[in-house]
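Here the structure comes first, spelled out in structure tokens, and everything after it is commentary.
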Amino acid sequence: MIDRRILDIEAESADSCVAALDCGHRRHIRHRPPLERHPWILDPAERAARVGQRIECGRCERLELPAGAACYKQLGEFSAATIPPGLLKDHTLKAGTWAQIVVLSGQLRYRIAAPLARELLLTPGAPGVVPPEIPHSIEPIGEVRLRIDFYR
């Protein structure tokens, strides 16, 4: 799982709250023993003390863009010959910045380092979502055309 920093916590009901995370996602947290044990959400002072701490984000794990994320910049169109060398080796996006690798033609290998540790084949219609602060790289497979869309 990917740990993210809690920016804010709002009570939702007597036994649940919603945490705003630095990745842009919101996480519901419940105290419903024996399945879910988070007794700290029952006390406003303990909830407030959790701001700034880290908690797992399942949506980052699933490579989901945050709801309401807006594209603010597009980079490219690149071919296999014009992809910037920095994209071919591990690099990261800053906190709060997301990207989507959009393949316009051909195929592209998208490698995501730990803690996600996976490799995806990107094609037209199957873009790759890049979460913030996770090392990743791309590798063209033959001729390819792509662009990168940035979100926050």
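The values are calculated or read from the model by the stated rules, or taken from the named source; none is laboratory data. Quick caveat, the model's predicted, so the values are computed rather than measured. Cβ atoms come from the backbone with ideal geometry, glycine included; neighbour counts cover every protein chain shown.
Name every residue in the stretch 141-152 that is more than 26 Å from Ala67 (Cβ to Cβ) and surrounded by fewer than 20 Cβ atoms within 10 Å (Cβ to Cβ), in order of residue number. Please lay out each step first, then the result.
Filtering the stretch 141-152 for residues more than 26 Å from Ala67 (Cβ to Cβ) gives 141-145.
Ile141, Gly142, Glu143, Arg145, listed by residue number.
Is it true that Gly76 is in a strand (DSSP E or B), more than 25 Å from Glu12 (Cβ to Cβ) and modelled with pLDDT under 95?
yes
Suppose the filter is touching a Phe, Trp or Tyr at 6+ places or on another chain (Cβ under 6 Å) and in contact (Cβ under 8 Å) with a residue 40 or more places away in the chain; does Leu65 pass it? Break it down stepwise before answering.
Numbers: touching a Phe, Trp or Tyr at 6+ places or on another chain (Cβ under 6 Å): yes; in contact (Cβ under 8 Å) with a residue 40 or more places away in the chain: yes.
Yes, satisfied.
Do we find a residue being of a type in the set (Lys, Arg) and surrounded by fewer than 13 Cβ atoms within 10 Å (Cβ to Cβ) anywhere in the stretch 110-121? Can you show your working first?
Step one: list which residues in the stretch 110-121 are of a type in the set (Lys, Arg), which gives 111, 118.
Narrowing the set further to residues that are surrounded by fewer than 13 Cβ atoms within 10 Å (Cβ to Cβ) leaves 118.
Yes, some residue in the stretch 110-121 is of a type in the set (Lys, Arg) and surrounded by fewer than 13 Cβ atoms within 10 Å (Cβ to Cβ).
Taking Val102 as the residue in question, decide whether it is closer than 28 Å to Ile29 by Cβ, in contact (Cβ under 8 Å) with a residue 40 or more places away in the chain and not in a loop (DSSP other than H, G, I, E, B).
no
Got a number for residues in the stretch 1-47 being of a type in the set (S, T, N, Q) and in contact with a Lys or Arg (Cβ under 6 Å, 6 or more places away or on another chain)?
So the count comes out to 1.
Sort out which residues of the stretch 42-59 are outside any strand (DSSP E or B) and in contact with a His (Cβ under 8 Å, 6 or more places away or on another chain), and write them in order of number. Please lay out each step first, then the result.
Kept after step one, since they are outside any strand (DSSP E or B), are these residues of the stretch 42-59: 42-53, 58-59.
Listed by number, the residues that qualify are Leu42, Arg59.
Given the criteria out of contact with any Ser or Thr (no Cβ under 7 Å at 6 or more places or on another chain), within 30 Å of Val144 (Cβ to Cβ) and crowded, with 18+ Cβ neighbours inside 10 Å, does Gly24 qualify?
Values: out of contact with any Ser or Thr (no Cβ under 7 Å at 6 or more places or on another chain): yes; within 30 Å of Val144 (Cβ to Cβ): yes; crowded, with 18+ Cβ neighbours inside 10 Å: yes.
Criteria met by Gly24.
Report whether or not His25 is under 30 Å from Lys94 (Cβ atoms) and at pLDDT below 95. Give the steps one after another, and end with the answer.
On the way: under 30 Å from Lys94 (Cβ atoms): yes; at pLDDT below 95: no.
Considered against the rule, which asks whether it is under 30 Å from Lys94 (Cβ atoms) and at pLDDT below 95, His25 comes out as no.
Tell me which residues, restricted to the stretch 34-45, are surrounded by 10 or more Cβ atoms within 10 Å (Cβ to Cβ) and not charged (D, E, K, R).
So the first thing to find is which residues in the stretch 34-45 are surrounded by 10 or more Cβ atoms within 10 Å (Cβ to Cβ), and the list is 36-44.
If the condition is that a residue be surrounded by 10 or more Cβ atoms within 10 Å (Cβ to Cβ) and not charged (D, E, K, R), then His38, Pro39, Trp40, Ile41, Leu42, Pro44 are the ones that fit.
Condition first: basic (Lys, Arg) and closer than 26 Å to Met1 by Cβ. Now tell me which residues in the stretch 116-152 satisfy that.
Let us first name the residues in the stretch 116-152 that are basic (Lys, Arg), namely 118, 145, 147, 152.
Hits for the stretch 116-152 are Arg118, Arg152.
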